[in-house]
1. Could you grab me the full set of residues in region A:73-91 that are touching a Lys or Arg at 6+ places or on another chain (Cβ under 8 Å) and at negative phi?
2. Only one residue in B:64, B:83, B:75 is of a type in the set (Val, Ile, Thr) and within 14 Å of chain A (Cβ to nearest Cβ). Which one?
3. Across region B:171-182, what is the number of residues that are more than 7 Å from chain A (Cβ to nearest Cβ) and either of a type in the set (A, V, I, L, M, F, W, C) or surrounded by fewer than 24 Cβ atoms within 10 Å (Cβ to Cβ) (or both)?
4. Exactly one condition in (1) surrounded by fewer than 18 Cβ atoms within 10 Å (Cβ to Cβ); (2) closer than 18 Å to residue A:215 by Cα is not met by residue A:31; state its number.
5. List pairs: first in region A:352-379 and over 23 Å from residue A:298 (Cβ atoms), second among the acidic types (Asp, Glu) and at pLDDT 90 or above, Cβ under 9 Å, 6+ apart or cross-chain?
6. For region A:29-51, what are the residues that are among the basic types (Lys, Arg) and either more than 8 Å from every other protein chain (Cβ to nearest Cβ) or in a loop (DSSP other than H, G, I, E, B) (or both)?
7. Give me the residue from region A:183-210 that is touching a residue at least 24 places away in the same chain (Cβ under 8 Å) and over 23 Å from residue A:446 (Cβ atoms) and, out of that set, surrounded by the fewest Cβ atoms within 10 Å (Cβ to Cβ).
8. Looking at region B:83-96 only, could you name the residues that are at pLDDT below 95 and not β-branched (Val, Ile, Thr)?
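The values are calculated or read from the model by the stated rules, or taken from the named source; none is laboratory data. Not measured: the values here are computed from a predicted model. Positions of Cβ are backbone-derived with ideal geometry, glycine not excepted, and every protein chain shown enters the neighbour counts.
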Number of protein chains: 2
Amino acid sequence: MNHRPLAWLRTLRLDPPSSSDKTADMDRLRKALQQAGYPRVSFPLSVMRRLPDELRGKGFELTVVLGQTEDGVRVIDISREKVYGLALDIGSTNIEASLFDLLSGSRLDQRSGENPQLPFGADVLTRVQRSMMGEAEELVRGLRLGVNRLIDTLCAGNHLAAEDIAAVSVAGNTIMSHFFLGLSVDNIPVSPYVPAVNGPVFTTGREAGLNVNGEALVYVFPNAGSYVGGDIISGILHAGIHREEEPVLFIDVGTNVEITLGCRDWIMSGAGAAGPALEGGVAGIGKKADPGTISKVRIGRAGLGIDLDVINDGEPTGICGSGLIDLISEMFSAGLIDQSGKFTGKGEGFLEQDGKRRYVIYGNGKDGLAISEPEIRNFLLSKAAMFSFLYVFVKSVGLTFRDIRKIYVAGALGCGIDPESAVNIGMLPDIPRERFVLIGNSSLSGAELLLLDRGLLDEVAKVAAMITYREMNEDAELMSVLQGALFIPHTQPELLRGG
Amino acid sequence: MNHRPLAWLRTLRLDPPSSSDKTADMDRLRKALQQAGYPRVSFPLSVMRRLPDELRGKGFELTVVLGQTEDGVRVIDISREKVYGLALDIGSTNIEASLFDLLSGSRLDQRSGENPQLPFGADVLTRVQRSMMGEAEELVRGLRLGVNRLIDTLCAGNHLAAEDIAAVSVAGNTIMSHFFLGLSVDNIPVSPYVPAVNGPVFTTGREAGLNVNGEALVYVFPNAGSYVGGDIISGILHAGIHREEEPVLFIDVGTNVEITLGCRDWIMSGAGAAGPALEGGVAGIGKKADPGTISKVRIGRAGLGIDLDVINDGEPTGICGSGLIDLISEMFSAGLIDQSGKFTGKGEGFLEQDGKRRYVIYGNGKDGLAISEPEIRNFLLSKAAMFSFLYVFVKSVGLTFRDIRKIYVAGALGCGIDPESAVNIGMLPDIPRERFVLIGNSSLSGAELLLLDRGLLDEVAKVAAMITYREMNEDAELMSVLQGALFIPHTQPELLRGG
């Protein structure tokens, strides 16, 4: 990776003024920057105001923090020893932030927090509706507060001042990017579904209201439309889809299933609602993949005995998406559930409670973790939606699963999903397992890449322009594939291998 | 004059979005601006935030206020019917402001006020010293307050809101420009006399702390050095010296005498302290040229009878610079004073009071206006300084007064000076009278020109780069010429005609 961060430091040794060289301070600095290869540099007044004292205090050796803007280079600050940057992923559920030392390019810290908009509605569209009904300011302020809390924590934990942070790269879906920038989301859910902005936004810490240097360069990834946001573009950047010779598939599973298919010649994206099940939202025991959640499940032959992996070990408090996929796959393989997800009555570990039959995963029924039939069917609905989206999507461009060189799995499932389990239940296609690549929070990773390499700005613009959006819910075949996908693995298992 | 103001209005008819054109609002606007001939336009976040509602409220017909920046064009505001601009002259003594309708190019109003820094010292260098001794913030805040009061008055008087003002062009001497921008003046009075900035400054209303649109384009004229400020460059622009084929002289008389000599091939500037006499600072009766001050004086043959012109008529309260020049010239012609400025004892209208002899100009001695011998000699010192600066300056480039095609007289004297009187007392050279051109506050006029024609930005940069500064007080011949110039018109009258 090229180390050309969004903000960087330049040390300049200026000739001190003399009776034969009365060039003014700013003009002197401008000239030195020109000689250093920056022909056009803009300056905030705040820097001009401090320049004379800083120059003389430092014997006319000055460090200048430079930042890449849309059109050129801007002076962000002067007289700093270090430059720090933040990569942000603004998810509907979680906000994740990485802190970087931009001089070395090394990641110093990473934190995440809940999106404070959650109380306005877990579903993004609910938030948009509330915004349209007069709560826009609260939603924007809430999100900003959450982001700033995360920034404050990162600064405090690493002994930095807000002013130390000179660059921020931000990826999020279209609606989150809008909320982050305080832009109107009113027209996104209404035909013809037009965002306030798609192109990338370059702004400053002050304009964006962030607890960073007021002049900091803030870059927000472009969107490719209302339904293909900067998070996907950032993920594509990270996965490198736009550089592949042969088609690859990129799946980001969050509240929605976002699918991208493409290579260096074309990229097509689509999204569909898959329900919250896959992100750990099924039933009471579903949790996002935090310490204490079950991430892997193995059930003994004939349904005897259960073996769990818990993130960071300890007492399990819930089960995350990948654990759930394991669980269903193992229950099916062990014969505890049939193809439709119904309990077969075989195996041990079941419990009758409040008139409902449940399969116990951990502890005793009352205080422990257990799953019921309706919860399993709820999960199967999500997996069916996901598979049918994939199938219809790939088929729509005249390809089959066999043509896909790689499948990148990002998002909540991208941390620990076992492709074997996912294929076993018919959620992911049955292709050679080595073609599956788990890439975790690729939106954050892409934002990190860009923070560390401004040369990628053009690449991001190219990717954004390449993407075609495909409306998936309008496909006629979708419903018939989905009906079969409600069963494990599918009523037509050959579809899993390519269709 | 070309009407291409610093900020202007553009009405754009955008195609409304449709299912076949889902371009986002900002991208749509950007594209329309590209088609209108603005390939690179930057946008503040504040505009992006309002754009979706404004577009839909106006049926996708949008007016955009554009402003010229250093590198390109910036959107200042949207959905405005009118665009207003301010030209500011920040003088050490007075601040003058003109308000323009930038659509029609017509001047709506003009106001002036005292520079609130005056209590810190009438002399600019005193203010610099006090700034260096810890009062920088008070000086900057004071000036800003004065400018904002003037802006508020102009807005209120013309029923405008602060946001209506989209462009401000500012001219002032180097020190005043620095105070205006909140830049350090600490190094200006100390060898090697280096300002914080000479190049022009493009900033915003918000950064400059002005009561105008926060995104307004604020342009501050460049300086050519510590002693040749933006006010002179602005004056040169107004007089058009840089376009003349043959040498012309430009004299701006304020607290200092600023002299510029040049043509399209070269420009030389210099300044010297001439004392406050010429600006109306002599004795108790001196006043700046406001309503109620005497601007013209005629004395009858043999010193009998006196005839006065009062600005706006009425009871005179003082005498301005041009009136004073008239008065001395007339007193000399009538034989009331001799060559050295001493009372000859001839003529009427003298009064003995507190042991001092005074010549009564108006009213009775006690409550009226009268002038004493020391005051006349004080005036003669100023006129001597001024003439000798002119003489030495012109001679230093190998020219004589005969070679000068035009003499522009700007500043306090530029409003109403009678060249005949000025030549008569030996203040201005004895060249054909039609070569004198009175141009008033040329610093303000130049700022007005630029406000109305952004095409002049390059011309200003060219002028600033052309100017050579000449240190006048170091000239050996100066003192000998000055000694003779203390007499009326001069001990060597041939010097007045070219030397």
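1. A:73, A:78
2. B:75
3. Number of matching residues: 5.
4. Result: residue A:31 passes all but (2).
5. A:356/A:373
6. A:31, A:40, A:50
7. A:189
8. B:91, B:92, B:94
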